[in-house]
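Peer 1: A single structure is presented below for examination.
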Amino acid sequence: MEQTTGKLGEDRTGSAPAGAPPPALLRVEGLTKSFGGLQAVNHCSFDVRAGSITALIGPNGAGKTTVFSLISGFLRPDRGRVELDGEDLTGLGPHQVFRRGLCRTFQIPREHGSMTVLENLMLVPPEQLGERFWNPIVRPRAVRAQERAIRDKALEVLELLTLSHLRDEYAANLSGGQKKLLELARTLMADPRIVLLDEPAAGVNPSLMARIREKIVQLNAERGITFLLIEHDIPLVMGLCDPVIVLNQGTKLAEGPPSIVRGDPRVLEAYLGGQHGAVDG
Amino acid sequence: MGMGDATLAKSLLLALPLWFVAARALPARLPWFARVALGAAAGWLVALAVTLVVPSGQMAYLVSFAIVGSIYAVLALGLNVQWGYTGLFNIGIAAFFAVGAFTSALVTTRMPTGAAAAFSQQAFGLGAPFLAGVLAAGVAAGVLALLVGGPTLRLREDYLAIATIGIAELVRLVFQNERWLANGPQPLRGIPQPLACLVRDPGCGWLPAPLAALFDPLTPRDYTYVYLAIATLVVIVVYVVLERAIRSPWGRVLRAVREDEAAAAMVGKDVARVRLQAFVVGAVIMGFGGALYAHYMIAIDYTHFDALYATFLVWVMLMLGGSGNNRGAILGAFALWGVWTGAAFVVDLARPLLAAISSDLPARGPYLRLLFIALLMLFILLYRPKGMIGEERFVSRDSQGRDG
């Protein structure tokens, strides 16, 4: 209830007392997943610091998207553990993971095509009164009041992500970049603690990308949302993220600030297969 | 007992659905009581005009046409929840329809006694009122949906299709072979007609005298008018309840699951639960449709619930009217039932022509009708995939841009 009616911009309580080392909001331990004979993720462990914008990079087939699916409950790990703020998420379904404050987006946007942009957003808040079959019939006023609050919130999110002019458009008619924004907007409807973005820059034109990037920074700074993002656009990663986690063959290869990681010979080896040179996209 | 006296009672019974339609068609600016009053007046005037103008023989035909149309409308509304809004591929509508029909029949009839018991068997007979029969029909169909949907809805949608075909055949075979249950291959007879006292002497004891006097001129032959009022009332109630639910967040979640399950799960919706709910709600409505059918037919047996009439036609109705639109489902039911019965006339008229082509063609007329419906279905899918009235752009009531 409170989540659905809460206004944007209300402060989220930071969990770290000043001075202490920043705690891990998301902890991945020994995650392992194979499909048939293919070992997609292999004893992968890493932490995502609360309040950070962390990047997950690696060559094609490194297992990045599989890790996302394992964290967000779309796949069940063969072994290993996922913890959010100390709570075990392993084995929960995607909707249960979502309700604990972890949202993900997809590499290829998955919008609800024949619903309007506004309805795509209004769908998101959890535990809406009107989601129970009888409530709209038995308690129409309460349902309607809540609908208005959700609608106002959706309009605010659209405003924030500069999608207001598209609110009554079918989501299927949006451009690739606008769909990426819509996915980001959806995660904001839920007041998430951490957002997992799968290639937010792929297929997005540069000016729209600048806007997405700006919004990520703004949401991170103003609302304390932690981001973990998969990205192939190396300049974007280097400018936006700290730390950077490098994945190779399903396991963590390196981790550190972007300046260190980009010079790491193991990383160059993984990306370029032995030909030394700078990783600069 | 002149014809003129019965006209008033008949027109009042006919006015009920017209009243609802007229009240909804009036502009929303008017206050609700004005719409109700004007709708009642307009509905009754139209009903009176129709009753006066149309000869009573043709009128009787039209009334029974509208009753069957209403029963199909209920089935199409049920399918619309499952397929239109949620994307559940149920091709075993006949199962839920049959379970509803037989349940209501068993609940409302009495156990046969004496000589009749030797010819007619049934598992039980409670002699309960019509309304109890309808509710029990919904519950029984809903329970069947829970049993079928629980294990199959988690799988890909083609499995649900296969499972529902199987269940429909199974249910039909059970009612065909289990004599103890509902008289097996023989019809289960004596299903009571609700409010039949309106057309009988001495009339309904509970009715206030002025109303009793009003309905007094009706004879048992006019019972279909009473039943039409009941059937259309069921359509109206199901429609209103569904519209409320569909235009609220419940319907939004259904449509989200239909569009993309993974994305719906991503925003925290319990997809398996949503699918099961939609499946059960749709099945309950189909069960109501079964009850309506049973009390109209008075006697039912397993042959009434074959895949053609009880599943295929309902699908074409929904496709024709507009999947994902409750008004479309109702419109499609009446329109297709019109086409289906009209095609029988056409085939009949074309007998000489058919005979000229081939001597055994006239005997195969009914199959031509089926061919025609199949062609119609193809035409809809190719050229009019959204049906006559498709899904609206703004379904959630309060998501519309009324203020800036």
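Peer 1: Can you give the relative contact order of segment B:1-53 as a percent, counting alpha carbon pairs under 8 Å and 6+ residues apart?
Peer 2: On the way: 55 pairs, mean separation 25.6, N = 53.
The normalised contact order for segment B:1-53 reaches 48 percent.
Peer 1: Same structure again: Can you tell me how much longer the chain between residue B:26 and residue B:157 gets when fully stretched, taken as 0.36 nm per residue apart minus their C-alpha distance, in nm with one decimal?
Peer 2: Working: separation 131, 0.36 × 131 = 47.16 nm, distance 4.11 nm.
Between residue B:26 and residue B:157, full extension yields an extra 43.0 nm.
Peer 1: To check you understand DSSP bridge types, tell me what percent of the beta bridges within the protein assembly as shown (both residues inside) are antiparallel, rounded to 5.
Peer 2: Values: 24 of 39 bridges.
Taking every DSSP beta bridge within the protein assembly as shown, about 60 percent pair in antiparallel fashion.
Peer 1: On to the next question. So between residue B:260 and residue B:62, what do we pick up on full extension, going 0.36 nm a residue minus the alpha carbon distance? Mind showing how you got there, number by number?
Peer 2: Details: separation 198, 0.36 × 198 = 71.28 nm, distance 4.30 nm.
Using 0.36 nm per residue and subtracting the Cα-Cα distance, I get 67.0 nm.
Peer 1: Still on this model: With chain B treated as a Gaussian network of Cα nodes joined by springs under 10 Å, which of B:78, B:114, B:365 yields the largest mean-square fluctuation?
Peer 2: Residue with maximal mean-square fluctuation among B:78, B:114, B:365: B:114.
Peer 1: Let me ask something else. Starting from the 7 Å offset along Cα-to-Cβ, what nm value, one decimal, do you get for the label separation of residue B:233 and residue B:116?
Peer 2: The answer from the label model is 2.5 nm.
Peer 1: Go through the cysteines of the protein assembly as shown and tell me which have no other cysteine Cβ under 4.7 Å away.
Peer 2: Lacking a cysteine Cβ partner under 4.7 Å: A:44, A:103, A:241.
Peer 1: How far apart, in nm, are the 7 Å Cα→Cβ label points at residue B:384 and residue A:205?
Peer 2: Going by the 7 Å Cα→Cβ label model, 3.9 nm.
Peer 1: What residue among B:190, A:23, B:7 has its Cα farthest toward the positive end of the dipole of the protein assembly as shown, where the charges are +1 on Lys, Arg and -1 on Asp, Glu, each on the Cβ?
Peer 2: It is B:7, whose Cα lies furthest towards the positive end.
Peer 1: If I fit a long axis through the Cα atoms of helix A:206-223 and take the longest principal axis of the Cα atoms of chain A, what angle between them do I get, 0 to 90°, rounded to 10?
Peer 2: 80 degrees
Peer 1: In addition: Note down the accessible area of residue B:359, probe 1.4 Å, to the nearest 10 Å².
Peer 2: 110 Å²
Peer 1: So, one more: As an exercise, identify the chymotrypsin sites (Phe, Trp or Tyr not before Pro) in segment A:107-203 lying in DSSP coil whose Cβ has no more than 16 other Cβ atoms within 10 Å.
Peer 2: Details: sites: A:133, A:134, A:170; in loops: A:133, A:134.
Counting only loop positions with at most 16 other Cβ atoms within 10 Å, the chymotrypsin sites (Phe, Trp or Tyr not before Pro) in segment A:107-203 are A:134.
Peer 1: Would you please classify the overall shape of segment B:1-127 from the alpha carbon gyration tensor, given that a ≥ b ≥ c denote the square roots of the eigenvalues, rounded means a/c under 1.5, and beyond that prolate means a/b larger than b/c while oblate covers the rest? Can you show the working numbers first?
Peer 2: Numbers: a/c = 2.55, a/b = 1.36, b/c = 1.87.
It is oblate, given that a/c is not under 1.5 and a/b is not larger than b/c.
Peer 1: For residue B:363 and residue B:299, what is the calculated FRET efficiency with R₀ set at 25 Å and r taken between the beta-carbons, to the nearest 0.05? Please report the intermediate quantities before stating the final value.
Peer 2: Details: r = 27 Å, r/R0 = 1.09.
The calculated FRET efficiency here is 0.35.
Peer 1: Between residue B:7 and residue A:159, what's the calculated FRET efficiency when r is the beta-carbon distance and R0 is 41 Å? Round to 0.05. Provide the component values of the computation, followed by the final result.
Peer 2: Values: r = 61 Å, r/R0 = 1.50.
Here the calculated transfer efficiency is 0.10.
Peer 1: Need one number: nm distance between label points at residue B:327 and residue B:345, each 7 Å from Cα along Cα→Cβ, rounded to one decimal.
Peer 2: Placing both labels 7 Å along Cα→Cβ, they lie 2.7 nm apart.
Peer 1: Same structure again: In chain A, what % of DSSP beta bridges are antiparallel (nearest 5)? Let's see the in-between values first.
Peer 2: Details: 22 of 37 bridges.
Counting only bridges with both partners in chain A, antiparallel ones make up about 60 percent.
Peer 1: Separate question: Specify which residue in the list A:154, A:46, A:256 is farthest towards the positive end of the charge dipole of chain A, using unit charges on the beta carbon of Lys, Arg (+1) and Asp, Glu (-1), about the Cα centre.
Peer 2: My answer, from the dipole projection, is A:154.
Peer 1: DSSP loop (so not H, G, I, E, B), at most 11 other Cβ within 10 Å: list which GluC sites (Glu not before Pro) in segment A:199-270 pass both filters.
Peer 2: Numbers: sites: A:214, A:222, A:231, A:255, A:269; in loops: A:231.
When the GluC sites (Glu not before Pro) of segment A:199-270 are filtered for loop state and at most 11 Cβ neighbours within 10 Å, nothing remains.
Peer 1: Please list, by residue number, everything in segment A:77-118 whose backbone N is under 15 Å from a paramagnetic label point 7 Å out along Cα→Cβ of residue A:34.
Peer 2: Of the residues in segment A:77-118, A:77-80 have backbone N under 15 Å from the label point off residue A:34.
Peer 1: May I pose another question? Heavy-atom accessible area of residue B:14 with all protein chains present, probe 1.4 Å, nearest 10 Å²?
Peer 2: Residue B:14 exposes around 20 Å² with every protein chain in place.
Peer 1: Dipole size in debye (nearest 20) for the protein assembly as shown around its Cα centre, Lys and Arg Cβ +1, Asp and Glu Cβ -1? Intermediate values should be presented prior to the final figure.
Peer 2: Details: 61 positive and 54 negative charges, 203 e Å.
For the protein assembly as shown, the charge dipole is close to 980 debye.
Peer 1: Helix-derived [θ] at 222 nm for the protein assembly as shown: sum -39500 (n - 2.57) over DSSP H runs of at least 4, divide by residue count, nearest 500? List each step's numbers first, then the result.
Peer 2: Working: 28 runs with 370 residues, N = 685.
After summing the helix terms and dividing by the residues of the protein assembly as shown, the value is -17000 deg cm²/dmol.
Peer 1: List the pairs from A:33/A:64; A:64/B:269; A:180/A:252; A:64/A:252; A:179/A:215 whose alpha-carbon separation is above 20 Å, in the order I gave them.
Peer 2: Working: A:33/A:64 12 Å; A:64/B:269 24 Å; A:180/A:252 27 Å; A:64/A:252 10 Å; A:179/A:215 15 Å.
Long pairs (Cα-Cα over 20 Å): A:64/B:269; A:180/A:252.
Peer 1: Which residues in segment B:233-261 place their backbone N less than 16 Å from a point set 7 Å from the Cα of residue A:142 along the Cα-to-Cβ direction?
Peer 2: Taking a point 7 Å out along Cα→Cβ of residue A:142, the residues of segment B:233-261 whose backbone N falls under 16 Å are B:249-250.
The values are calculated or read from the model by the stated rules, or taken from the named source; none is laboratory data. Remember, it's a predicted structure, so these values are computed and weren't measured experimentally. Note that we place each Cβ from the backbone using ideal geometry, even for glycine, and neighbour counts take in every protein chain shown. Just so you know, the surface numbers come from the protein's heavy atoms only, side chains and all, with ligands and any DNA or RNA stripped out. Shrake-Rupley method; radii C 1.70, N 1.55, O 1.52, S 1.80 Å.
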